[in-house]
Amino acid sequence: MNGRTSITPRQAAARARRVQAAGTIANLVRARPPVRGERRLPELLLPLLLSLLLGCTPQPSPPSPPPPPLPQPSASRAADGAPPHPAFGERVAERRAMVHDQLAARDIADPRVLAALERVPRHHFVRPGEQRQAYRDHPLPIGLEQTISQPYIVAFMTQALRLGPGERVLEIGTGSGYQAAVLAELGLEVYTIEIVPELAERARRACSELGYRNIRFRAGDGYRGWPEAAPFAAIMVTAAPDHVPPALLEQLGEGGRLVLPLGSHFQELVRLEKQADWIVRERLLPVRFVPMTGEAMQPRQQPVRPMPAAADPP
Ligand SMILES: C[S@@+](CC[C@H](N)C(=O)[O-])C[C@H]1O[C@@H](n2cnc3c(N)ncnc32)[C@H](O)[C@@H]1O
């Protein structure tokens with residue numbers, strides 16, 4: 001699934017106003033990861049229709065531009081000369097297998113993303129009893145009814161943000177802190193907000209122990225973003241609202257990308273890109289995330305509609 005539509009920021013805000021409060025539940029479990037090379041029916045039909053309409057055979061798509069140069073991962077970690085935390089040297093083979101079997105074997109092709117997931121010790125972000133499962137192909141509970149996302153989803157969302165070196169990124173839904181660490185490993189300037197204070201504190205500690213210094217944490221509701229640090233080149237939301245939080249769109253810089261799961265029972269990962277006068281919207285993937293709580297769940301004010309004028313008496 002990959003549909004593109006363009007709407008103006010005003011239309012996006014109007015659409016956001018129309019929807020109702022969020023539904024309930026659900027652990028993050030991706031529906032079915034697309035297998036490399038798999039093409040869905042509309043993708044197969046479109047070139048055929050075009051070739052019939054235009055009377056020519058479909059052209060191969062132009063090569064995508066090369067990814068930007070690799071940031072220096074060490075620049076993002078402790079510059080104090082301290083030796084790396086022992087967790088970096090643990091479970092290396094499991095991490096490598098995860099990257100090879102679950103990410104590269106599907107559609108994660110950005111070498112920077114693959115390198116970051118191979119480097120960050122995911123087992124450091126799960127509870128001690130879950131560490132043996134840390135590199136498996138599914139999400140895991142992290143307590144307080146929350147989850148650490150499936151490795152593939154972390155990689156997919158990171159890649160979907162099309163990050164450039166040193167950009168400023170906002171994450172809503174810190175959870176375990178693993179996704180924030182992956183972004184930090186890429187040498188980005190990371191801001192992350194978590195609504196459950198205990199999780200925010202635990203994540204801050206986990207990232208700090210590993211030496212990541214380029215992450216700023218905040219405990220609170222991320223619905224209104226982090227205005228003092230805006231604009232952001234990219235924003236990701238790792239809990240599902242049923243509408244696009246308007247403040248997040250506002251806090252995107254020109255050319256900025258927002259990736260978020262949208263919906264309650266049926267959810268879809270969506271990318272919004274802010275261009276001069278337009279928001280370009282793309283549907284990426286069916287997903288299942290925990291709901292975004294806080295203000296996202298409150299009934300939203302409906303725009304006041306003018307009363308229809310009373311008909312003139314005949
Ligand atoms: C699927 S988990 C995130 C996984 C996380 N990115 C990681 O790497 O472990 C979703 C998180 O979003 C948080 N969350 C839900 N609503 C939120 C909100 N309004 N503001 C900030 N965080 C929120 C939840 O408490 C939960 O920790």
Suppose R0 equals 22 Å. What FRET efficiency, 1/(1 + (r/R0)^6) with r the Cβ-Cβ distance, do R300 and A247 give to the nearest 0.05? 0.95
Using a simple spin-label model with points 7 Å from Cα along the Cα→Cβ vector, what separation in nm is obtained for A97 and R132? 1.3
Out of Q131, Y223, G177, whose Cα points farthest toward the positive end of the dipole of region 87-229 (charges: +1 Lys, Arg; -1 Asp, Glu; placed on Cβ)? Q131
Calculated FRET efficiency for the pair A105/F266, C-beta based, R₀ 35 Å, to 0.05: 0.85
Taking amide H atoms as placed 1.01 Å from N in the peptide plane, list the residues 5 or more away in sequence, or in a different chain, whose amide H sits under 5 Å from that of Q267. V287
Extension gain, A219 back to E201 (0.36 nm per residue minus Cα-Cα distance, nm): 5.7 nm
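Rule-based calculations on the coordinates, nothing more; no lab input. Just so we're clear, the structure is a prediction, and the values are computed from it rather than from any experiment. Ideal geometry is used to build each Cβ from the backbone, glycine not excepted, and the neighbour counts take in all protein chains shown.
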